[in-house]
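Remarks on the structure that follows.
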Amino acid sequence: MSAEGAGTPLVRVEHGRMSVSLKTPLVLVTDDDLVRVSKENPGYQFERERDGSVIVSPTSTNGAAKEGEAFAQLYAYAKKVGGKAFSSSAGFKLDGDLIVKSPDASWVSQARIETLTPEQRSGFWPLSPDVAIEVCSPCDSFATIVEKAAAYIESGSAYSVAIDPRTRRVEEFGVPPAGLTLDFDAIIDA
């Protein structure tokens, strides 16, 4: 199965996995390059790894609903205690300038936001969010999502969660901030 048009990405599904040929070559040296290729290829989430490689992951409709529920819970939490909640389109720089990750949903406390300069706030924020939620998609392995959730803790997050809707398995890392109680069943069933 493929879809191709003038200036649009070519998408192939083979053996249940999706591959994407983008209209822009993936040479992403700077943050501006990462932003540019994201704008030129809407509908895909781009993350840059430590070695400079780029991971591209489109979200299924069901997956987006689960991410939306996770974001809604963090948004409600932010309204109560302050800070900001972010959807999966937000990128955060981890461990310096190389790695840019986009959790499916995240929250950053107001105290940490206030430590950022206006320049830092204008791009990918150079911090690991206080809370990061990752929801396993059908093309991901749960082990990969668990590694990603653990990496947020190693990079400075206080609490991160990996959720596998297929098995209803949840792995939590760190300690949730005061007053945050996530409804994992609501995320899984969204």
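Of all residues in the range 80-98, those satisfying the criterion of being closer than 20 Å to Thr115 by Cα and not small (Gly, Ala, Ser) are Val81, Lys84, Phe86, Phe92, Lys93, Leu94, Asp95, Asp97. For residues that are β-branched (Val, Ile, Thr) and in contact with a strand residue (DSSP E or B) (Cβ under 8 Å, 6 or more places away or on another chain), scanning just the range 176-190, find the one that is surrounded by the most Cβ atoms within 10 Å (Cβ to Cβ). So, considering only residues that are β-branched (Val, Ile, Thr) and in contact with a strand residue (DSSP E or B) (Cβ under 8 Å, 6 or more places away or on another chain), the one surrounded by the most Cβ atoms within 10 Å (Cβ to Cβ) is Ile187. Of the set (1) under 19 Å from Thr181 (Cβ atoms); (2) modelled with pLDDT under 90, all apply to Ser109 but (2).
In the range 74-118, which residues are under 11 Å from the mean Cα position of the chain (by Cα) and of a type outside the set (Gly, Ala, Ser)?
Looking only at the range 74-118, we keep the residues that are under 11 Å from the mean Cα position of the chain (by Cα), and these are 86-92, 100-106.
Once the filter is applied, which keeps residues that are under 11 Å from the mean Cα position of the chain (by Cα) and of a type outside the set (Gly, Ala, Ser), the range 74-118 yields Phe86, Phe92, Val100, Lys101, Pro103, Asp104.
Looking at the range 114-175, the strands (runs of 3 or more DSSP E) lying wholly inside it that each contain 1 or more residues that are in contact with an Asp or Glu (Cβ under 7 Å, 6 or more places away or on another chain) and buried (at least 16 other Cβ atoms within 10 Å of the Cβ) sit at 131-135, 159-164. Among residues of the range 71-83 that are touching a residue at least 60 places away in the same chain (Cβ under 8 Å), those with a beta-carbon under 8 Å from a residue that is part of a helix (DSSP H, G or I) at least six positions away or on a different chain give the pairs Gln73/Ala186; Gln73/Ile187. For first residues located in the range 164-180 and in the same structural domain as Trp107 (by TED's automatic domain parsing) and small (Gly, Ala, Ser), partners that are surrounded by 15 or more Cβ atoms within 10 Å (Cβ to Cβ) and assigned to a strand (DSSP E or B) and lie 6+ apart or on another chain with Cβ distances below 6 Å form the pairs Gly174/Tyr159. Within the range 67-75, not a single residue is within 22 Å of Ser128 (Cβ to Cβ), of a type in the set (A, V, I, L, M), modelled with pLDDT of 70 or more and surrounded by fewer than 16 Cβ atoms within 10 Å (Cβ to Cβ).
Taking residues in the range 88-108 that are in a loop (DSSP other than H, G, I, E, B), and partners anywhere that are surrounded by fewer than 20 Cβ atoms within 10 Å (Cβ to Cβ) and at pLDDT 90 or above, the pairs with Cβ atoms closer than 6 Å and at least 6 places apart or on different chains are Asp95/Ser155.
The values are calculated or read from the model by the stated rules, or taken from the named source; none is laboratory data. This is a predicted model, so every value here is computed, not measured. Cβ coordinates were reconstructed from backbone atoms using ideal geometry, including for glycine residues, and neighbour counts include every protein chain displayed.
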